[in-house]
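*Asks:* Before I ask anything, let me first share the structure, which is written out below as structure tokens.
The values are calculated or read from the model by the stated rules, or taken from the named source; none is laboratory data. Fair warning: this is a prediction, and the values are worked out from it, not measured in the lab. For neighbour counting, all protein chains shown are included, and Cβ atoms are generated from backbone atoms with ideal geometry for every residue, glycine included.
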Amino acid sequence: MVRSRRAAFGALVAAALISASIANAAEDCGESDGDWHAGSAIYHQTCVACHGEDGHGVRAGVPDFTTGVMAYSAGSLSRHIENGFQVPGRPLAMPPKGNNPALTDEDIRNVLAYLHHAFGCG
């Protein structure tokens with residue numbers, strides 16, 4: 001009986017350590033040095049129309065931020081935001097800067113910080 005309790009406790013501790021490790025990895029995956037608070041405001045002004053409040057996308061063909069998209073490097077994601085992007089075979093393309101030409105490089109860093117804060121690595 002004591003042995004099974006120790007084993008159960010050991011499994012519980014291991015699960016907690018794995019969960020903490022995964023949470024820390026999600027926080028660090030973005031490689032972005034932006035301000036996620038400022039990025040939240042930009043996301044909700046520019047990006048939410050297509051990507052939605054929950055990041056799942058509001059139209060067919062819009063990438064779902066919760067399914068692995070955020071695992072790409074910050075450089076790759078930044079280029080997609082800056083220049084626009086179309087996934088081969090999908091009907092919709094993201095316009096450069098989400099169709100907001102006023103976005104600066106700092107705004108893009110801030111949006112990336114928000115995306116990783118809100119959606120992790122997907």
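*Asks:* So, in the range 48-105, how many residues would count as being of a type in the set (S, T, N, Q), modelled with pLDDT of 95 or more and outside any helix (DSSP H, G or I)?
*Replies:* 2
*Asks:* Turning to a different aspect of this structure: Is it fair to say T66 is surrounded by fewer than 19 Cβ atoms within 10 Å (Cβ to Cβ), in contact (Cβ under 8 Å) with a residue 40 or more places away in the chain and not charged (D, E, K, R)?
*Replies:* Against the criterion (surrounded by fewer than 19 Cβ atoms within 10 Å (Cβ to Cβ), in contact (Cβ under 8 Å) with a residue 40 or more places away in the chain and not charged (D, E, K, R)), T66 qualifies.
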